[in-house]
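> First the structure, then my questions, so here it is.
No lab work stands behind these numbers, since they all come straight from the coordinates. All values derive from a computational prediction rather than experimental measurement. No Cβ is skipped: glycine too gets one built from the backbone with ideal geometry, and neighbour counts run over all protein chains shown.
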Amino acid sequence: MNRDEAKLELDATTLRPQDASLEARAILHSDAELASWEAKRRAFDEALADACAKVPMVAGLRSSILQAAYEKTLRRPLRWLAPTTVAAAACVLFGWTLLWPGSRAMAAWEAESLNTIAKVKHGLMQLDVHEENLDNLKKHLSLNECPCPSALPPSLAHLRTIGCKRVTIDDHAGTIICFELEKGKQAHLLVLENEGLCNCPTEGAPCFKSTQNWCYASWTHGSHTFMLATTADEMTLKRLFGLA
């Protein structure tokens, strides 16, 4: 694989960087110019995701976004982006807004948590650490004073992990741990410090909910509130708690 082929592959997997081949990623780490380009692409995607979280779903949203993008390009062209990239970015912006899983019907922390988990799933937020073993991840979290789960559904302990990401939800410190399920599906566990957190779940059994193509469970244990979310079906989620 040459540099141009690696760039093409990295561009095609910008929202799912873990899907890029090892060869493409190796070239990325050894080529400073390619790394600079990739960092700009990633920053652009993350900026789009943050902007989408604040866009209400209103009539005429698509035309408004495209018009605003066109006018902004006229005033201040993005010289490092090709015209096709600008057009693609507008499409991504519109599509992501439609797929944003959080809603105003949820508690503020709940909507922000699910949106943040979705960003991690789609590669819009990069994992801090890649690690396949849960115990090793928990050691890393403890050493770095990140929220770390002390009690988990038993089934999670037997799953292969992908990595973790330190996050902030409603001004509360949190950690997202990614687990690999069967058939390529993932489950994402948010561990959130809950002191002063409004409308968090009460202690006890998890509460199961669904929105768009996501199923999730939330519960509280001691000083932590948890959310376990997946795009797998509700039966798969409940099996992780031994309920199906």
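> For the range 108-239, build the charge dipole from Cβ charges (+1 Lys, Arg; -1 Asp, Glu) around the Cα centre, then report which of Leu197, Ser113, Phe208 sits farthest towards its positive end.
Phe208
> Rounded, prolate or oblate: which one fits the range 197-244, using the alpha carbon gyration tensor with axes a ≥ b ≥ c (rounded when a/c is under 1.5, else prolate when a/b beats b/c, else oblate)?
It is oblate, given that a/c is not under 1.5 and a/b is not larger than b/c.
> Same structure again: For Gly102, list long-range residues whose amide hydrogen, built 1.01 Å from N in the peptide plane, is under 5 Å from its own amide hydrogen.
When sequence neighbours closer than 5 places are left aside, the close amide H contacts are Asn115.
> Continuing with this model, one more query. Lys and Arg at +1, Asp and Glu at -1: add these up for the other residues within a Cβ distance under 13 Å of Gly222 and post the number.
The answer is -3.
> ³J(HN,Hα) across the range 30-39 via Karplus (A = 6.51, B = -1.76, C = 1.60, θ = phi - 60°), whole Hz, x for Gly/Pro?
Rounded to whole hertz, the list is 9, 10, 4, 5, 5, 5, 5, 4, 5, 5.
> Residues with beta-carbon under 13 Å from that of Glu131, excluding Glu131: net charge, scoring Lys, Arg +1 and Asp, Glu -1?
Numbers: positive: Lys138, Lys139, Arg160, Lys165; negative: Asp128, Glu132, Asp135, Glu180.
Summing Lys/Arg as +1 and Asp/Glu as -1 gives 0.
> For the ranges 178-188, 106-116, what's the packing order if you count other beta-carbon atoms within 10 Å of each residue, average per peptide, and put the highest first?
106-116, 178-188
> In whole Å, what is the distance between the alpha-carbon centres of the range 186-214 and the range 148-185?
12
> Let me ask something else about it. Does the range 108-239 classify as rounded, prolate or oblate by the C-alpha gyration tensor (a ≥ b ≥ c root eigenvalues; a/c under 1.5 gives rounded; else a/b over b/c gives prolate, otherwise oblate)? Working shown, then result.
Working: a/c = 1.27, a/b = 1.03, b/c = 1.24.
Judged from the Cα gyration tensor, the range 108-239 comes out rounded (a/c under 1.5).
> Order by neighbour count: Met125, Met1, fewest other Cβ atoms within 10 Å first, most last.
Fewest-to-most Cβ neighbours within 10 Å comes out as Met1, Met125.
> Would you work out which of Ala151, Ile176, Gln186 lies farthest towards the positive end of the dipole of the range 151-193? Charges go on Cβ: Lys and Arg +1, Asp and Glu -1.
My answer, from the dipole projection, is Gln186.
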